[in-house]
Amino acid sequence: ATTEIYTLSLHDALPIFQDLKEIAIDTPQEEVQETVFQTVEQMPSFPGGMQALNKYLKDNLRYPTIAAENGVSGRVVLRFVVSKSGKIENVEVLGPVDRALDEEAVRVVKSMPAWVPGKQNGNAVAVYYTLPVKFVLGQQ
């Protein structure tokens, strides 16, 4: 029995690599759904902590005129995802009060700067975060 050894030069291999590149480009990629955790070892946090978050809300929330004129106040409960990069995503109202108050709370949360992401096993991960936003007449 004889063993034959073939050598393939880079020049000979280029068409093979080109074919593989075209296959890889033409193959549709499945969208990878990022797991969003409910609780993690280290929960996400607003830059500067809770005190800074409260200040941010106080400085940026504007009481909607229509709600103030109608004497509407209350606590809007929001849930959103803090992505593994710290970006705020998928803001939703869990506990609505009034359309104008709900929209204002969502607007302010969407405008927040990036948070410090949550961590699980030392890795940044996406985490759900629930935030009550309180609207009280006479306090602005």
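The values are calculated or read from the model by the stated rules, or taken from the named source; none is laboratory data. What you see is a predicted model; the values in this text were computed from it and never measured. Please note: Cβ atoms are built from the backbone with ideal geometry, for glycine as well, and neighbour counts cover all protein chains shown. The protein model used for the area step is the full one, side chains on, heavy atoms only, and it has no ligands, DNA or RNA in it. Shrake-Rupley method; radii C 1.70, N 1.55, O 1.52, S 1.80 Å.
Is at least one residue of segment 33-41 out of contact with any strand residue (DSSP E or B) (no Cβ under 8 Å at 6 or more places or on another chain), surrounded by 11 or more Cβ atoms within 10 Å (Cβ to Cβ) and not small (G, A, S)? There is no residue in segment 33-41 that is out of contact with any strand residue (DSSP E or B) (no Cβ under 8 Å at 6 or more places or on another chain), surrounded by 11 or more Cβ atoms within 10 Å (Cβ to Cβ) and not small (G, A, S).
Checking the conditions here, which among Y56, Y63 is within 12 Å of F135 (Cα to Cα) and modelled with pLDDT of 95 or more?
Numbers: Y56 fails: within 12 Å of F135 (Cα to Cα).
Among Y56, Y63, only Y63 is within 12 Å of F135 (Cα to Cα) and modelled with pLDDT of 95 or more.
Checked against (1) modelled with pLDDT of 95 or more; (2) more than 16 Å from V133 (Cβ to Cβ), I23 passes all but a single condition, namely (1). Which residues, taken from segment 47-60, are assigned to a loop (DSSP other than H, G, I, E, B) and out of contact with any strand residue (DSSP E or B) (no Cβ under 7 Å at 6 or more places or on another chain)? Residues satisfying the conditions are G48, G49. Filtering segment 67-79 to residues that are part of a loop (DSSP other than H, G, I, E, B) and open to solvent by 40 Å² or more (accessible area, probe 1.4 Å) leaves N70, G71, S73. Annotation: V136 fulfils all but one of (1) surrounded by 17 or more Cβ atoms within 10 Å (Cβ to Cβ); (2) among the β-branched types (V, I, T); (3) at pLDDT below 95; the unmet one is (1). Sub-7 Å Cβ pairs linking a first residue in segment 70-88 that is in contact (Cβ under 8 Å) with a residue 12 or more places away in the chain and small (G, A, S) to a second residue that is open to solvent by 30 Å² or more (accessible area, probe 1.4 Å) and assigned to a strand (DSSP E or B), at least 6 apart or interchain, are S83/E89; G86/V116, ordered by first then second residue. For segment 80-105, the candidate set comprises residues that are open to solvent by 60 Å² or more (accessible area, probe 1.4 Å), over 11 Å from V133 (Cα atoms) and not acidic (D, E); within that set, the residue that is nearest to the chain's Cα centre (by Cα) is K87. Each residue in segment 106-133 was checked for being open to solvent by less than 30 Å² (accessible area, probe 1.4 Å) and either part of a strand (DSSP E or B) or under 24 Å from E41 (Cα atoms) (or both), and 10 of them qualify.
A single entry from P64, P44 fulfils the requirement of being open to solvent by less than 50 Å² (accessible area, probe 1.4 Å) and either out of contact with any strand residue (DSSP E or B) (no Cβ under 8 Å at 6 or more places or on another chain) or without any contact (Cβ under 8 Å) to a residue 12 or more places away in the chain (or both): P64.
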